[in-house]
1. Taking θ as phi - 60°, what are the ³J(HN,Hα) couplings along region 524-530 by the Karplus curve (6.51, -1.76, 1.60), each to the nearest whole Hz, with x for Gly and Pro?
2. Out of the total accessible area of region 446-521 (probe 1.4 Å, heavy atoms of protein only), what percent is carbon and sulfur?
3. HN-Hα J couplings of region 207-218 from phi, Karplus 6.51/-1.76/1.60, θ = phi - 60°, integer Hz, Gly and Pro as x?
4. Once you compute Rg and the Kirkwood Rh from C-alpha atoms, what is the Rg to Rh ratio for region 199-265?
5. Packing-wise, with mean Cβ within 10 Å as the measure, how do 16-23, 376-383 rank, highest first?
6. Going by average Cβ neighbours within 10 Å, how do the peptides 84-92, 221-229 rank, with the highest at the top?
7. So between Gln243 and Glu157, what do we pick up on full extension, going 0.36 nm a residue minus the alpha carbon distance?
8. Three principal axis extents, largest first, for the C-alpha atoms of region 170-218, in Å?
Amino acid sequence: MMRGKLASLKKQSLFVKLFLVTLISIIAVSLLSVAITIRMSENLFLKTFSITNEKLLGQVKSNLESYNSAVATSATQIAQSGVIRNYLTSGESDAASMSMQTYTMTERLKSIKSNLSAYEVGVTLIGTNGRSYTTDPWYWSMTAEELKNHEITKQTEAHPRQIMYQLYDGKKESGKEEEPILVASKALYQHSTGQIYGKMYVMLRDSYFQSFYENFTSEGNDVLLMNSQGQIVSSNRSELIGQTDAALLHTVTEQEESGVSSSNLSFNGSELTVLSEYLPEFDFYLVNLLDKDIAMGDMVNVKALTLTIMSIVLLSLIVVYLITRKMTKSMRGLVSHMSRIPTSGFNHRVDVTKSGYEVEELGNAFNYVLDELNDYVDRLVETQKQQRKAELAALQMQINPHFLYNTLASVKFLVQQGNKEKAAETINALITLLQNTVSNVQSTVTVRQELDTLKNYIFINHVRYGEKIRVSYFIEPDSMDYQVPKLMLQPFIENAFFHAFNQKGEGTIFIMISVQDEHLVCEVNDNGDGMDLGSSESGEDGVFPKTKRNRQLFSGIGIQNVDHRLKFMYGESYGVDINSKLGEGTKIKITLPLVKQDEESI
């Protein structure tokens with residue numbers, strides 16, 4: 001298929017080839033330029049993005065550290081408060097004492113919570129004595145009893161010296177439409193004994209927690225916090241919260257260990273660039289995800305860029321089309337002119353004015369070749385004319401002596417018989433023949449003139465052979481003025497007189513001339529002895545039989561020369577056709593073009 005297309009392209013004009021090559025080149029250069037531009041823009045964007053977002057991540061980290069610092073300060077003050085410790089560890093008391101103790105603890109907790117006044121949080125305390133207190137009961141739906149046996153409390157007890165940050169996904173755990181909450185928990189214990197006497201819980205809803213980083217996010221540029229187990233505890237994309245992604249965890253831990261600032265990752269079906277920062281206070285990874293396709297799509301307006309490129313390519317093609325067409329116009333004109341030479345002849349020279357240098361040189365060379373060719377053709381035609389005239393003259397000289405020899409033989413026979421009057425008439429007929437043939441320099445005569453000559457010849461033959469061989473004429477009146485070669489029919493009449501009636505002794509020769517299918521047809525038929533042509537095929541020149549006997553009948557110089565003359569004068573499609581059967585006679589058919597006196601040319 002590719003070879004067929006290449007072969008088809010080779011047959012196209014120079015203009016089409018130049019235009020196609022230029023078109024492909026422009027499109028290729030445009031696409032390559034766009035690809036390089038986009039690639040360079042992408043690299044520059046990613047480099048700038050990495051630098052910028054590293055700074056932004058640092059700012060987010062600073063905000064989170066401030067929050068952790070506030071939580072740590074509050075946890076320290078609560079652990080150091082004897083009022084709160086007394087509330088969480090003392091036993092049963094009367095109502096008045098209990099009310100006073102609760103009031104004093106509440107006021108102290110309010111004072112401590114002022115450290116967290118910059119954040120919308122809720123604080124819950126749970127003591128080993130079974131008492132609990134929540135600053136904002138509506139903030140969190142989980143009760144103190146539920147919290148005591150929750151995984152959050154278990155992790156807190158397992159790491160009493162640390163502030164634990166854990167996710168509570170109410171929708172996932174209880175099936176309630178509840179916003180995710182980030183819980184900071186700390187075990188309260190006596191430093192002297194290490195005995196835990198209570199737990200502190202600071203709750204922060206995810207919608208508020210996102211305020212730490214949401215100003216740094218956009219479409220395709222996401223931020224999330226992931227714990228050391230790979231669980232996403234917060235993100236500007238709420239659908240990701242609670243999910244666990246081992247591949248992302250592996251990527252960010254590798255970045256932390258190797259110190260690499262960014263890497264690529266396939267996340268949720270998208271190709272992303274990942275930047276991360278480890279937060280040791282939270283035991284979280286602060287992760288920034290950049291979707292390059294979305295980011296580059298926002299940076300590069302593909303539709304506008306495509307329209308711009310198409311406009312440039314279209315404008316370039318119009319300019320290239322006009323320039324290429326103008327450059328190849330003279331070449332196409334030269335090719336068109338040269339292609340018409342076979343039908344229009346060699347006399348149409350090429351006009352090379354207002355052409356390019358190359359076309360002008362080609363045109364001049366072509367005109368020179370035409371001039372030389374015309375001269376050569378003229379000389380060749382003249383040479384052929386002279387050659388044809390010489391050949392025709394030689395043929396006529398062959399015909400006339402042969403005819404004269406036979407005629408004089410007949411006159412000699414008459415004189416020997418003593419028939420002087422018949423001999424005189426024969427000599428008069430011979431004189432008339434000579435006037436119409438030898439003295440006439442023309443090679444053709446009219447049918448009427450040829451018949452007059454033929455009748456004189458037949459008269460001479462009747463004198464010699466008698467009246468046993470009769471001649472009948474069937475001449476179409478409209479054919480009388482057409483031209484035929486001189487002495488064209490005489491050799492066939494002569495052959496019929498000499499050979500056609502050797503066995504029968506008598507018979508008739510029929511001479512028929514008519515116009516058939518735009519041709520002049522002359523026929524010489526006889527009802528004599530005939531010949532067997534069935535196994536002979538055509539003989540010499542496609543006219544004369546091959547057998548030895550038949551060649552003798554048609555070996556006269558005149559008969560062969562008639563066929564040669566016709567082909568010389570009119571072409572290979574004209575000439576003599578012979579058909580014969582034993583006992584039935586012979587039919588000679590001569591086909592000629594319709595030529596009148598003023599149309600004759602040799």
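The values are calculated or read from the model by the stated rules, or taken from the named source; none is laboratory data. In this text the structure is predicted, and so the values were computed from the model without any measurement. Note that we place each Cβ from the backbone using ideal geometry, even for glycine, and neighbour counts take in every protein chain shown. These area figures cover heavy atoms from the full protein model, side chains too; ligands, DNA and RNA do not enter into them. Shrake-Rupley method; radii C 1.70, N 1.55, O 1.52, S 1.80 Å.
1. 10, 10, 9, 10, x, 5, x
2. Here carbon and sulfur together make up 47 percent of the probe-accessible area.
3. Values per residue, Gly and Pro as x: 4, 7, 4, 5, 5, 5, 9, 5, 6, 9, 10, 7 Hz.
4. 1.00
5. Numbers: 16-23: 15.0, 376-383: 10.4.
Packing proxy ranking, top to bottom: 16-23, 376-383.
6. Values: 84-92: 16.2, 221-229: 19.6.
Listed from highest to lowest mean packing, they are 221-229, 84-92.
7. Taking Gln243 through Glu157 to full extension adds about 28.5 nm, to one decimal.
8. Extents along the principal axes, in whole Å: 50, 30, 11.
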